Amino acid sequence: IKKIGVFTSGGDSPGMNAAIRSVVRTCAYMKIECMGIYRGYEGMIEGDFKAMDARSVNNIINKGGTILKSARSLAFRTKEGRQQAYDKLTEAGIDALVVIGGDGSFTGALIFNQEFNFPIIGIPGTIDNDIFGTTYTLGYDTALNTVVEVIDKIRDTASSHNRLFFVEVMGRDVGHIALNAGVGAGAEEILIPEENLGLERLLESLKRSKASGKSSSIVVVAEGDKTGKNVFELKEYVETHLPIYDVRVSVLGHMQRGGSPSCFDRVLASRMGVRAVEALLEGKTNLMVGIQDNKITMTPISKAIKGHTKIDLELMRVSEIMTT
Ligand code: F6P
């Protein structure tokens with residue numbers, strides 16, 4: 001391996017820049033070349049590359065987003081698109097890739113490897129934490145801290161006005177953010193895709209909480225929850241069935257993906273970047289770097305994208321006890 005290409009793909013997450021920095025500097029340390037690939041697979045197809053040395057990643061460890069930009073590429077889903085990407089990489093002398101992204105990005109990487117036998121190592125970067133083979137994905141910890149900080153603020157106004165707030169957080173298919181930030185922020189109820197507690201239970205719980213003397217409540221809802229109602233419909237439902245509450249809705253949205261990465265994410269990104277480059281130099285491919293029991297591990301990408309949920313439902317019980 002003489003020249004590694006690094007790129008970010010799919011939804012951005014805090015810590016991606018720290019991971020780019022780590023990959024670039026590890027290459028410099030190992031005395032091999034490194035190329036930044038802009039806009040994910042889209043830029044790969046267009047040959048949008050830039051040589052990167054240790055100094056080109058100065059002052060980015062603390063920055064949210066990704067300096068290499070990110071995109072979701074439709075063209076890369078076609079055989080012609082992937083052929084074009086391969087041609088551009090070969091032209092530029094890039095002979096291995098580090099992909100920083102989520103399951104969509106990893107799926108693309110696997111197909112590319114099968115077609116062209118191109119060495120690839122993945123680094124899991126997504127706030128959703130929905131990748132198997134790692135306890136934490138890059139950006140998840142930062143997103144949790146962001147969400148908890150915002151819910152604390154919502155709690156201030158909720159309690160001043162004796163209101164009930166539905167707070168929608170990200171998590172299309174998984175409830176990691178909702179569950180953990182919900183417990184961390186002391187939510188009354190937490191609605192996640194992995195467990196549908198039903199609307200009846202929600203009403204019961206809200207009734208109980210009012211009866212126990214609580215004046216305000218926060219319900220954290222993952223965007224992919226399984227009640228069949230979005231936060232605005234939930235508001236209506238509660239207003240109709242439980243008119244004792246003055247209800248408001250807050251959809252946190254993409255602010256959860258921004259901001260300076262937490263120390264945890266910066267350290268994790270630094271460790272993962274080093275391992276990713278080392279693995280390529282050891283001749284490994286189709287593996288994803290992860291962290292399990294605070295050890296850096298390698299998992300086949302095929303397993304990482306197909307793994308079962310790793311959500312800790314014990315936290316639901318903890319949450320229930322905490323809302324007594
Ligand atoms: O980063 C993952 C995620 O945050 C999902 O939870 C969410 O549904 C999605 O991204 C939205 O991303 P976009 O607006 O970029 O399509």
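Is there a residue in the range 251-258 that is more than 19 Å from GLY184 (Cβ to Cβ), surrounded by fewer than 19 Cβ atoms within 10 Å (Cβ to Cβ) and more than 16 Å from the ligand (Cβ to nearest atom)? No. Pairs meeting the criteria (first residue in the range 194-212 and closer than 13 Å to THR240 by Cα and modelled with pLDDT of 90 or more, second residue of a type in the set (Gly, Ala, Ser) and assigned to a helix (DSSP H, G or I), beta carbons under 8 Å, at least 6 apart or on different chains) are lacking. Being more than 16 Å from THR107 (Cα to Cα), touching a residue at least 60 places away in the same chain (Cβ under 8 Å), touching a Gly at 6+ places or on another chain (Cβ under 8 Å) and of a type in the set (Lys, Arg) holds for only one residue in LYS69, LYS50, and it is LYS69.
For the range 304-321, the set of residues classified as more than 17 Å from ALA276 (Cα to Cα), in contact (Cβ under 8 Å) with a residue 60 or more places away in the chain and of a type outside the set (Val, Ile, Thr) consists of LYS306, GLY307, HIS308, LYS310, ASP312, LEU313, LEU315, MET316, SER319, listed by residue number. The lone criterion from (1) more than 28 Å from ASP246 (Cα to Cα); (2) charged (D, E, K, R); (3) within 11 Å of the ligand (Cβ to nearest atom); (4) crowded, with 22+ Cβ neighbours inside 10 Å left unmet by ASP141 is number (3). Scanning the range 1-30 for residues that are within 12 Å of ILE94 (Cβ to Cβ) and touching a Cys at 6+ places or on another chain (Cβ under 9 Å) yields LYS3, ILE4, GLY5, VAL6, CYS27. Filtering GLY133, GLY125, GLY101 for residues that are within 15 Å of the ligand (Cβ to nearest atom), in contact with a Gly (Cβ under 6 Å, 6 or more places away or on another chain) and either within 17 Å of THR285 (Cβ to Cβ) or without any contact (Cβ under 8 Å) to a residue 40 or more places away in the chain (or both) leaves a single hit, GLY101.
Residue-by-condition table, conditions (1) of a type in the set (Asp, Glu); (2) away from the ligand (no atom under 16 Å from the Cβ):
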position: ARG25; (1), (2): no, yes
position: GLY40; (1), (2): no, no
position: MET52; (1), (2): no, yes
position: SER56; (1), (2): no, yes
position: GLU80; (1), (2): yes, yes
position: LEU89; (1), (2): no, yes
position: ASP95; (1), (2): yes, yes
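The residues in the range 98-111 that are farther than 19 Å from CYS34 by Cβ, surrounded by 21 or more Cβ atoms within 10 Å (Cβ to Cβ) and among the hydrophobic types (A, V, I, L, M, F, W, C) can be counted, and the count is 1.
The values are calculated or read from the model by the stated rules, or taken from the named source; none is laboratory data. Please read all numbers here as calculations on a predicted model, not as lab measurements. Neighbour counts are summed over all protein chains in view; Cβ atoms, including those assigned to glycine, are modelled from backbone coordinates with ideal geometry.
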